[in-house]
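Some notes on the structure that comes next.
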Amino acid sequence: MEMKPIRNSLGRNPLSDALHRNPGVVLNGQGPGRLPLRGASYRDPGTMISEQGSGRRSLCGALHLRPGVVKNEQGSSHFSRRVRRVRKLAEPTRIRLGSWNVGSLTGKLRELVDVAIRRRVNILCVQETKWKGQKAKEVEGSGFKLWYTGTTSGRNGVGILIDKSLKDGVVDVRRQGDRIILVRLVIGDLALNVISAYAPQVGLSESSKSQFWEDLDSMVSTVPISEKLFIGGDLNGHVGATNVGYERVHGGFGYGSRNEGGRMF
């Protein structure tokens with residue numbers, strides 16, 4: 001018996017009507033496999049056309065799914081939620097630092113912590129604590145810890161208050177008299193050095209002022225250039241609004257006029 005060749009029922013060139021598919025694409029029983037109006041339908045391996053779909057390209061272009069992405073009943077992809085989670089994990093750690101001359105810390109420690117919590121400050125440099133000793137003190141019930149230095153009760157004194165999320169990262173503490181303290185923290189792959197300083201006020205001898213700046217300069221010079229440094233303090237000087245002549249060290253964020261203390265700084 002002679003076999004007759006099967007003709008295309010649409011009377012079209014099979015090459016123009018052939019549906020371009022990747023391996024693993026499953027067609028339904030409704031679609032004739034015609035060439036879509038805007039070109040061949042492209043689908044990744046393993047993509048299945050629904051019972052209602054004909055495999056045609058939509059107005060916005062061919063459906064393209066990454067391998068392994070599963071769509072839910074509403075058609076939204078879980079991939080976007082995974083991306084948001086990854087981006088959140090990749091965000092850099094944000095640390096808020098502050099500085100405050102408290103006048104005296106006696107009877108005010110809990111109030112200081114409350115302010116830090118309210119202002120969402122992670123590290124707070126304080127001056128004129130007027131506490132004697134070179135110690136560290138946990139603030140009960142808050143998770144904060146204060147490192148401080150002072151030589152005479154009721155005079156000078158500086159400290160650094162750190163919240164519970166960062167205090168365990170402290171690896172080194174250095175003190176210089178009752179006017180300078182440095183705390184070094186390691187936060188992930190970041191080394192952060194924080195200095196709290198209290199400069200001699202107007203009326204004290206020039207020698208005491210010069211000694212303070214020399215001590216502060218010596219403390220700063222111990223910090224490797226590869227590590228971060230933050231200096232918070234009451235430096236008893238005004239650097240002024242303009243930075244003419246001091247462009248390398250003045251960021252242009254001051255105010256008012258520069259005084260002698262500002263020039264020394």
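The numbers here are math on the coordinates, done by the rules we state, and not lab data. Please read all numbers here as calculations on a predicted model, not as lab measurements. Note that each Cβ is placed from the backbone with ideal geometry, even for glycine, and that neighbours are counted across all protein chains shown.
Pull up the stretch 101-137, narrow it to residues that are of a type in the set (Gly, Ala, Ser) and not in a loop (DSSP other than H, G, I, E, B), then point me to the one that is surrounded by the fewest Cβ atoms within 10 Å (Cβ to Cβ). Spell out how you get there, then give the answer.
In the first step, residues of the stretch 101-137 are kept if they are of a type in the set (Gly, Ala, Ser); the result is 103-104, 107, 116, 133, 136.
Cutting the leftovers down to not in a loop (DSSP other than H, G, I, E, B) gives us 116, 133, 136.
Numbers: Ala116: 23, Gly133: 13, Ala136: 16.
Of everything passing the filter in the stretch 101-137, Gly133 is surrounded by the fewest Cβ atoms within 10 Å (Cβ to Cβ).
Return yes when Lys209 is buried (at least 18 other Cβ atoms within 10 Å of the Cβ) and not acidic (Asp, Glu) and no when it is not. Let's see the steps before the verdict.
Numbers: buried (at least 18 other Cβ atoms within 10 Å of the Cβ): yes; not acidic (Asp, Glu): yes.
Here the answer is yes, as Lys209 does meet what is asked.
Which of (1) out of contact with any strand residue (DSSP E or B) (no Cβ under 7 Å at 6 or more places or on another chain); (2) touching a residue at least 12 places away in the same chain (Cβ under 8 Å); (3) closer than 17 Å to Thr106 by Cβ is the odd one out, the single condition Glu140 does not satisfy?
All conditions are met except number (2).
Filter the stretch 148-167 down to the residues that are more than 14 Å from Asn122 (Cβ to Cβ) and not aliphatic (A, V, I, L, M) and list them by number. Walk me through how you get there before you give the answer.
If we filter the stretch 148-167 for residues that are more than 14 Å from Asn122 (Cβ to Cβ), which is where we start, we get 148-159.
Listed by number, the residues that qualify are Tyr148, Thr149, Gly150, Thr151, Thr152, Ser153, Gly154, Arg155, Asn156, Gly157, Gly159.
Anything in the stretch 138-155 that is surrounded by 22 or more Cβ atoms within 10 Å (Cβ to Cβ) and assigned to a loop (DSSP other than H, G, I, E, B)? List them, or say none.
If we filter the stretch 138-155 for residues that are surrounded by 22 or more Cβ atoms within 10 Å (Cβ to Cβ), which is where we start, we get 144, 146-150.
The one that is surrounded by 22 or more Cβ atoms within 10 Å (Cβ to Cβ) and assigned to a loop (DSSP other than H, G, I, E, B): Phe144.
For the stretch 156-175, what are the residues that are under 13 Å from Phe144 (Cα atoms) and in a loop (DSSP other than H, G, I, E, B)?
Result: Asp163, Lys164, Ser165, Leu166.
If you take just the strands (runs of 3 or more DSSP E) that sit entirely in the stretch 176-265, which of them hold at least 1 residues that are without any contact (Cβ under 8 Å) to a residue 24 or more places away in the chain? Walk me through it before giving the result.
Details: elements: 180-187, 190-198, 228-234.
Fully inside the stretch 176-265 and qualifying: 180-187.
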